[in-house]
Amino acid sequence: MKVLNLYAGIGGNRKLWKNIEVTAVENNPEIAEIYQDFFPNDKMIITDAHQYLLEHYKEFDFIWSSPPCPSHSKINTDGQNKARYPDMDLYEEILMLNNNWYKGKWVVENVKPYYNPLINPTIEIGRHLFWCNFYINKANFQKEKSVVNQTGTNGRYGFNLKGIKIGNKRQILRNLIDPEIGLHILNRALEITETDKYGQSKLFE
């Protein structure tokens with residue numbers, strides 16, 4: 001199975017994936033280097049993930065995309081930030097992938113926004129919303145641990161950044177998706193692909 005992992009970060013969602021071929025896309029060379037150290041067998045491409053998706057989506061069986069979340073986050077309502085437009089790359093990717101152009105399975109992840117989502121998510125897990133074209137059942141995951149309590153070891157979910165020279169380790173760790181959630185979602189996509197059962201949630205309701 002050929003998987004495209006967009007906005008890969010250091011690979012929280014990817015950590016527990018096995019027996020698949022992964023192409024990761026990350027535009028920050030320093031973060032891409034950390035990802036490559038953790039997952040040396042993955043193909044890493046340093047470029048704009050949004051454009052790469054548009055040009056290469058047909059080459060993959062499963063696509064995971066996690067567009068940048070700060071412009072959608074509830075932190076924008078704290079009154080301390082300057083006004084800014086939400087980044088519409090998120091919805092552009094959902095709409096493009098949900099069209100008939102792409103025949104594989106896909107999921108787009110983001111945080112719960114400060115506004116009502118413009119497109120209803122397929123499922124909500126923890127502080128994350130997921131849009132996809134296959135059924136994801138509810139599952140129990142441990143509550144996310146605070147990064148603040150783990151900065152002493154510079155680690156989270158088994159990723160240790162201690163000794164790595166890169167700015168804002170706290171933010172990098174906070175952006176990680178629980179690897180158990182990443183595995184759960186990939187497994188659902190694999191099961192649906194292999195059994196040819198498309199009991200999908202309706203994306204636009």
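Report for the range 2-195 the percent antiparallel among DSSP-assigned beta bridges with both residues inside it, nearest 5.
Close to 40 percent.
Whole-Hz ³J(HN,Hα) for each residue in the range 45-58, computed from phi via Karplus 6.51 cos²θ - 1.76 cosθ + 1.60 with θ = phi - 60°, x for glycine and proline: what do you get?
10, 9, 6, 6, 5, 4, 6, 4, 4, 4, 8, 10, 4, 6
Lys2: net charge of surrounding residues, Cβ under 12 Å, Lys/Arg +1, Asp/Glu -1, itself excluded?
Net local charge, Lys2 excluded: -1.
Which of the peptides 9-18, 82-91 is most tightly packed, and how do the rest follow, going by the mean number of other Cβ atoms within 10 Å of each residue?
9-18, 82-91
Would you mind checking which residues have amide H under 5 Å from Ile136's amide H? H placed 1.01 Å from N; only 5 or more apart, or other chain.
Ser201
Compute the signed sum of charges (Lys and Arg +1, Asp and Glu -1) over the other residues within less than 9 Å, Cβ to Cβ, of Met44.
-2
May I ask you to derive the relative contact order of the range 2-195, considering only C-alpha pairs under 8 Å and at least 6 residues apart, and to give it as an integer percent?
Averaging sequence separation for qualifying contacts and normalising by length gives 23 percent for the range 2-195.
Under a point spin-label approximation (7 Å from Cα along Cα-to-Cβ), what is the Glu55-Lys82 distance to one decimal in nm?
3.1 nm
Which whole-Hz couplings ³J(HN,Hα) result when phi for each residue of the range 103-117 is put into the Karplus expression 6.51 cos²θ - 1.76 cosθ + 1.60, θ = phi - 60°, listed in order with x for Gly and Pro?
With coefficients 6.51, -1.76 and 1.60, one gets 9, x, 9, 9, 9, 10, 10, 7, 7, 5, x, 7, 10, 6, x Hz.
Only the coordinates and a few stated rules stand behind these numbers; no lab work does. Note that the structure is a prediction, hence the values are computed from the model and not measured. Positions of Cβ are backbone-derived with ideal geometry, glycine not excepted, and every protein chain shown enters the neighbour counts.
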